[in-house]
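One structure is given here, and the rest of the page talks about it.
The values are calculated or read from the model by the stated rules, or taken from the named source; none is laboratory data. Nothing here was measured: the structure is a model prediction, and the numbers come from that model. Neighbour counts run over all protein chains shown; Cβ positions are idealised from the backbone, glycine included. In case anyone asks, the SASA skips ligands and DNA or RNA and just uses the protein heavy atoms, side chains included. Shrake-Rupley method; radii C 1.70, N 1.55, O 1.52, S 1.80 Å.
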Amino acid sequence: MTTSLPTDLADLDDDPAAVESQVLEATVPEADAGQRLDKVLAAQFAQFSRSRLQQWCEAGLVTMGGEPAGVRDKARPGEVLRLQVPELPEDTAFAAEDLPLDVVHEDAALAVIDKPAGLVVHPAAGNWSGTLLNGLLARYPETAVLPRAGIVHRLDKDTSGLMVTARTLQAQTELVRRLQARTVHRQYLALAWGEVERAFSVDAPIARHPRDRLRMAVVQGGKPARTDFTPLAVCETRWGPVTALRCKLHSGRTHQIRVHLQFAKFDLVADPIYGGRPRPGLPLDRQALHAARLSFLHPVGDRPLDCIAPIPADITAFWDACDGDADAIDPRRWPSFV
């Protein structure tokens, strides 16, 4: 049995006539006589958004009294409304899929995954399958009864590295609590353009960008966020100097490291959203950001767990091409905090 997402989380992308459907019926109340049909539909089938119902009308999936009905038709009291509801991609989003997962640690309560760049964490519009969540459901079937299949925090699609996921409700509840209490220590490797001479912190609130809905930004009144940045090494490239940074999160806001770096006037290498001016010929096709070390006390028994994900090949190759010191970016040399 699969768990369905709310039906109005995404726009209708598929051809409604080409997918399986169910049929729902309702009778037009006397009180709704003469009202626009889409308004009546929204009242009778409140589980769907009005825009979704309008789309279905336009696709020929709604009849009134056995005849095709349009959005602007007037409702006729006593007539039967028939709504053909197509099966949407999101209806099967929570399906188990046998995906290769790089498991760094697992036990009865949790698993720590080294997520590759390019893997989406959670199903959403445009990515209803092939996500980390789908892979977790296949490897750990017991997580089907947990919220988000046990996922407690996320990484951007093109950020690689460590994530902890729960296998029991007790572990998930406690991990969420500890993330909020900032006792789960997350450290990232970032490569940034420019020469960073000394360690610094950015303590600045983050919210959705006021004009660009694809971006986040430092915004007054946003959610509190703090990131510590420690320079590890600097190397020269034909595109300019690059600094390797160890980044420690004290909160977990969307795009936090990327936004805080930009706020501090540094651009993340190869970041398509926050990375500043293009550098033609750059041999890296995703942001140079990797969740390299994850340290916390186990939610059952409080034993210390300190997990390390090797720097992935694409970032390593870029650093090597810059004649960077491999030891300088080795997360095994970083503090564990537990």
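Out of all the residues in the range 109-133, which are hydrophobic (A, V, I, L, M, F, W, C), farther than 14 Å from residue 94 by Cβ and either open to solvent by less than 10 Å² (accessible area, probe 1.4 Å) or in contact (Cβ under 8 Å) with a residue 40 or more places away in the chain (or both)? Result: 109, 110, 111, 112, 113, 117, 125. Restricting attention to the range 276-286, the residues that are open to solvent by 60 Å² or more (accessible area, probe 1.4 Å) and under 22 Å from the mean Cα position of the chain (by Cα) add up to 1.
Here's the yes/no breakdown for (1) modelled with pLDDT of 95 or more; (2) open to solvent by 50 Å² or more (accessible area, probe 1.4 Å):
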{"site": "190", "(1), (2)": "yes, no"}
{"site": "203", "(1), (2)": "yes, yes"}
{"site": "207", "(1), (2)": "yes, no"}
{"site": "213", "(1), (2)": "no, yes"}
{"site": "216", "(1), (2)": "yes, no"}
{"site": "219", "(1), (2)": "yes, no"}
{"site": "232", "(1), (2)": "yes, yes"}
{"site": "256", "(1), (2)": "yes, no"}
{"site": "274", "(1), (2)": "no, no"}
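Total residues in the range 287-329 satisfying the condition of being under 22 Å from residue 115 (Cα atoms), open to solvent by 20 Å² or more (accessible area, probe 1.4 Å), in contact with a helix residue (DSSP H, G or I) (Cβ under 9 Å, 6 or more places away or on another chain) and part of a loop (DSSP other than H, G, I, E, B): the figure is 2.
Of the residues making up the range 169-186, those that are modelled with pLDDT of 95 or more, of a type in the set (Val, Ile, Thr) and open to solvent by 30 Å² or more (accessible area, probe 1.4 Å) number 1. The listed residues are 69, 109, 43, and the only one of them that is touching a helix residue (DSSP H, G or I) at 6+ places or on another chain (Cβ under 8 Å) and within 30 Å of residue 142 (Cβ to Cβ) turns out to be 109.
Against the conditions (1) among the aliphatic types (A, V, I, L, M); (2) at pLDDT 95 or above; (3) open to solvent by less than 40 Å² (accessible area, probe 1.4 Å), residue 99 satisfies every one except (3).
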